[in-house]
Ligand SMILES: [Zn+2]
Ligand SMILES: [Zn+2]
C-alpha cells in the first residue's frame, strides 16, 4: 500500500481558531487525506500545536502565567474545535513534549555534523534594565520601510515585511520601555545560502507544486537567500545543547513537529518504526498551510530536510489563500471574525466544510458571508442534493416496502445516467488530486442535479409501482455515489446517508473503485430523514447582528461596562517595599482599607508614598501577588521614563468616586 503523510500547519497555541484557519488549511487537508484513504492508500493525517516562540512567552509574562499554562489551555481548545469540525487526525501532538525536544536536538546535531550549521557571533538587542536579550517580539520600534511606529522585532504587521530586530528605529523593550543596547551573543546559523541552487531547481521542477506556491517562492528566491539564525537567547523553547539560556527559533523546531508527531503516532500504535515508512521510505509527503507560511515551508523546511539527508522531501506544499469575512479582512483586535466554537454552537460542521471548499479555488482569496453561506446551504445542499436523496429514499420507503427495487431491462437513458455518474466520479477524483477542491465540490452538486433531472424526465409518480422499478434502482445507485463523493467533503452527512441507504460498514471505508459495484436490489433502507436543515433569513440577520455586536464590543467600552468599574480616590496609609520593583500598599478608601502589590518600587520610595492621594480601581478580582492578597489596583501613567501615579488635581475626600 502506498504510504502518504498529510500534515496541516501546526496551529499556534496562543488563541482560538477561526474560519480563516479552517479554510486555508485544516478542511482542505482533511478532505484530501479522506480522499486518499478511499483510494486505498495508507494515508495518515498528522498535526499538533506549536507552543514555543515569543508571542506565547510575552503573553505569559504579561498575564503572570507560565508559557506552558497558556499553551495547555489553547491546545485543548484548538484540538476540540478541529475534531468537532471532522478533522480526522491520526495524531495531534504538541511541540512541548520531551519526544519533540529529543528529535529536534538530534535533527540539529545532524545538520551540525553535515556542515550545514555554523556558529557566529552577532550583535543583538539587549535590555540593560531587564538584563536580558530581546528576541523577536520582545522589542518594538519604528519600521524602517513604512514608518509604522509599532513594528515588532520580527515582522511589521503594517507592511508585512520580515524584520531583524536591529533594523528597527527607536527600539524599546516591551517589558519595561527601556531603549535596548547592542550586545554580542553567539548564535547558530543554518546555511541556507548553500542550498539556494538546489531550492530553486526543486521549486521550478516540482510538478505537483501549485502555481501560487511556486510563483511566490521564486519571487523570494530572486532576492537571494541569507543564512538563517536558528537560535534565540531566551528560556522558552527547545534548549540548544550546551547552552543555558539559548533555545531554537520557533520556526526551526515547529516543522520538526511533523516528524515528532508521526513518531508519537507510531509509538502509540506499538510499532515504533512505522513512522519511517512515511518519512524515510519513499512515501509521499503533503504539507497544507496558509499562504503566510509558504516561505517557512518551501524554503526553511525543505532546506532543512535536504540538509539532513535522511528524510524525503515534500511531494507538494499546498497553500490556502486568505478568507475575508463579509468582504472585510478578519481581525482579532477589531473582533471581526467567527470562531469555530461559536459557529458550532449554532450550526452543523458539514455545511461549513462544504462552503469553505466550494466557494473559491484554494489558490485564490475567498469570502465568507452569512447570506451567501445560507444561500449555498439552502439552494445547493438542501434543494438539490438533499432533495434528490430525499425524493429517492422516500419513494423507495413508501412504494417499494423500503427495499431497493429489482430493475427491469435498462433503457438507453438509464445506461447513459450510469455512465455519466462514473464520469462525474472520475472527474471528482481528478479534481481532488490536483487540489481543485472547489471544483470537486461542484461535481457533487452536478451529480445530484443530474439525478433530479432524470427523475423529472421519468416521472415515475405518473406510472405504476411496477413501471417505476428501474428508475428507482438507478436513483439508488446515484444516491450511493453521492454518499461516496460527500465522504471527504461532508463526512458526517455522508455517513448518515450511507446508513439511511442501508449499506454495510462505514462510508469512510469504501473505495472509489467500488463505484461500479451496484447497490443490490432488495437492500433494506432506513427511514428517510432530511440531510440538511434550511437556514432562514432571520438566522442570517441574527448572525450578522452578532458579528457587528462583537466588533463593536471589541472597539468600545459601553457606558454600562465603565459603570461597573468602581474607581475611587484613596489615601496611602502604609507602604512596604517587598523587592526591587514591588511595593505593598495599604490604601484607605472611605471607611475601608484595601491593599495591592504595585510594581512602582523603581520610581517611588516607599516612605514618601504614605499620606498621598491616589486613584484606585477598587473592585478588581482579588488575587495573590508574591504571596500577598491584592484586592485593588492603583492607576499610573507609563512612558519612556517609567511610571507616574495618577493623583487628583486638589485634595478630595477619601473614597470620592472617579467618573
Ligand atoms: Zn526591559
Ligand atoms: Zn512596515
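Tabulated values for the structure
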| read-out | value |
| --- | --- |
| Cα long-axis angle, helix 437-458 against the chain (0 to 90 degrees, to the nearest 10) | 30 degrees |
| Label zone at residue 533, where the point sits 7 Å out along the Cα-to-Cβ direction: segment 336-370 residues whose backbone N lies under 20 Å | 338-356, 369-370 |
| Difference of contour (0.36 nm per residue) and Cα-Cα distance, residue 607 to residue 211 | 135.7 nm |
| Simple spin-label estimate for residue 581 and residue 499 in nanometres, 7 Å along Cα-Cβ | 5.6 nm |
| For the chain, convex hull volume per residue from C-alpha positions, Å³ | 186 Å³ |
| Computed over segment 367-516: relative contact order in percent, which uses C-alpha pairs under 8 Å that are six or more apart | 27 percent |
| Taking 213, 117, 647 and counting other C-beta atoms within 10 Å, the order from fewest to most | 647, 117, 213 |
| Relative contact order, percent, the chain [alpha-carbon distance under 8 Å, six or more residues apart] | 12 percent |
| Between segment 353-408 and segment 87-135, the alpha-carbon center distance in angstrom | 48 Å |
| Over segment 248-371: Rg over Rh, Cα atoms, Kirkwood Rh | 1.05 |
| At q = 0.16, 0.19, 0.20 Å⁻¹, base-10 log of I(q)/I(0) for segment 1-151 (Debye sum, equal scatterers on each alpha carbon) | -1.10, -1.22, -1.24 |
| For 45, 373, order by how many other beta-carbon atoms lie within 10 Å, fewest first | 373, 45 |
| Nearest-ten-degree value, helix 491-500 long axis tilted from longest Cα axis of the chain | 30 degrees |
| Rg/Rh ratio calculated on Cα atoms of segment 539-659 (Kirkwood radius) | 1.11 |
| For a label point 7 Å along the Cα-to-beta-carbon line of residue 59, residues of segment 9-44 with backbone N under 20 Å | 9-26 |
| FRET efficiency, residue 644 to residue 562 (Cβ-Cβ, R0 22 Å, nearest 0.05) | 0.45 |
| Principal axis box of segment 367-516, alpha-carbon based, largest edge first, Å | 48, 34, 30 |
| Sequence of 130, 475 once ranked by neighbouring C-beta atoms within 10 Å, starting from the fewest | 130, 475 |
| Whole-number D in µm² s⁻¹ for segment 109-232, Kirkwood Cα-pair radius fed into Stokes-Einstein, 37 °C, 0.692 mPa s | 200 µm²/s |
| Distance between segment 54-78 and segment 531-551 - C-alpha centres, whole angstrom | 32 Å |
| When segment 553-624 is reduced to its Cα atoms, the Kirkwood hydrodynamic radius in Å | 13.4 Å |
| Virtual spin-label span in nm between residue 652 and residue 399, 7 Å along Cα→Cβ | 8.2 nm |
| Net lengthening on full extension, residue 467/residue 552 (0.36 nm per residue, minus Cα-Cα) | 24.4 nm |
| Antiparallel bridges, percent of DSSP beta bridges restricted to the chain (to nearest 5) | 70 percent |
| Calculated FRET value between residue 194 and residue 97, using beta carbons and R₀ = 25 Å, to 0.05 | 0.20 |
| Estimated Rh, segment 184-251: Kirkwood, alpha-carbon pairs, angstrom | 14.0 Å |
| Förster radius 41 Å - calculated FRET efficiency between residue 311 and residue 123 (Cβ-Cβ, nearest 0.05) | 0.75 |
| Computed over segment 55-119, Cα set: Rg, Dmax in Å | 16.3, 45 |
| Cα centroid of segment 252-292 to Cα centroid of segment 145-195, whole Å | 32 Å |
| Convex hull of segment 85-133 built on C-alpha atoms - directionally averaged projected area, nm² | 7.3 nm² |
| Rough spin-label spacing in nm, given labels placed 7 Å along Cα→Cβ, for residue 410 and residue 227 | 6.7 nm |
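A short reminder: the numbers here are calculations on the coordinates, not readings from a lab. Just so it is clear, the structure is predicted and the values come from calculations on it, not from any experiment. FYI the Cβ positions are ideal-geometry reconstructions off the backbone, even for glycines, and counts take in every protein chain you see.
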